[in-house]
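The values are calculated or read from the model by the stated rules, or taken from the named source; none is laboratory data. As the structure is a prediction and not an experimental result, all values here were calculated from the model. A quick note on method: Cβ atoms are made from the backbone with ideal geometry, for glycine too, and the neighbour counts reach across all protein chains shown.
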Amino acid sequence: MTTQNTMFTAIKKQNENRINLRNMENIRLISASRLENSSFDNSMLDKINIRHSDLNESDLRKCNMKYAKHNNSNYEGVDFTWSNLTRNKFKRINLKDVTLECTNLEDSSFDECELAATSFRWANLNGVTFKSCNLAGCDFSNVDLTNTVFINCNLKGAIFNINTRMPFQKDNAINKLGMDFVGIQ
């Protein structure tokens with residue numbers, strides 16, 4: 001797939017590896033595609049709809065991806081560091097071992113997502129809802145979770161530190177939910 005001097009708004013049924021889509025604008029749809037190890041960093045992807053696609057190990061750092069919809073896709077190992085994912089909807093997404101550090105996820109929702117071992121360090125999770133998600137082993141260090149909602153989620157082994165603001169008591173997090181307090185980190 002050649003992307004130089006190309007203007008397009010949709011990627012459908014593509015099977016490409018390591019493509020360079022840096023600094024892209026106007027992509028509104030990725031559907032039924034396999035774009036593993038690709039680079040989308042610094043792209044404007046507002047209102048994009050990604051469905052039934054594999055972006056495994058891709059680079060989405062510093063992206064503006066507000067109001068996006070993500071359905072039935074694989075993002076395992078993706079790096080979203082410093083991205084703006086405000087008001088995104090994630091439904092049945094594999095986000096295992098993803099980096100969401102310093103990412104704005106305000107007012108986003110995660111429904112039936114796999115988020116094991118994902119790093120949320122320094123992320124903005126204000127107004128975020130996690131429903132029926134696996135958050136085992138996630139890192140919530142230095143995150144304010146006071147306005148974050150967890151419904152039927154697995155938080156066993158999730159990490160929090162002295163700077164994490166919790167929506168529940170520290171004792172409940174450790175004794176009932178199985179979270180791990182690491183002190184200063």
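Here are Ser43, Ser83, Ser38: which of them is touching a Cys at 6+ places or on another chain (Cβ under 7 Å), over 20 Å from Glu114 (Cα atoms) and among the small types (Gly, Ala, Ser)?
Just one listed residue meets the conditions, Ser43.
Which one of these does Lys89 not meet: (1) touching an Asp or Glu at 6+ places or on another chain (Cβ under 8 Å); (2) of a type outside the set (S, T, N, Q); (3) modelled with pLDDT under 95?
For Lys89, the exception is condition (3).
If you scan region 47-64, which residues turn out to be assigned to a loop (DSSP other than H, G, I, E, B), in contact with a Lys or Arg (Cβ under 8 Å, 6 or more places away or on another chain) and surrounded by fewer than 18 Cβ atoms within 10 Å (Cβ to Cβ)?
Of everything in region 47-64, just one residue is assigned to a loop (DSSP other than H, G, I, E, B), in contact with a Lys or Arg (Cβ under 8 Å, 6 or more places away or on another chain) and surrounded by fewer than 18 Cβ atoms within 10 Å (Cβ to Cβ), namely Lys47.
Failed condition for Gly127, given (1) touching a Leu at 6+ places or on another chain (Cβ under 8 Å); (2) over 26 Å from Asn26 (Cβ atoms), with all others met?
Only one criterion in (1) touching a Leu at 6+ places or on another chain (Cβ under 8 Å); (2) over 26 Å from Asn26 (Cβ atoms) is unmet by Gly127, namely (1).
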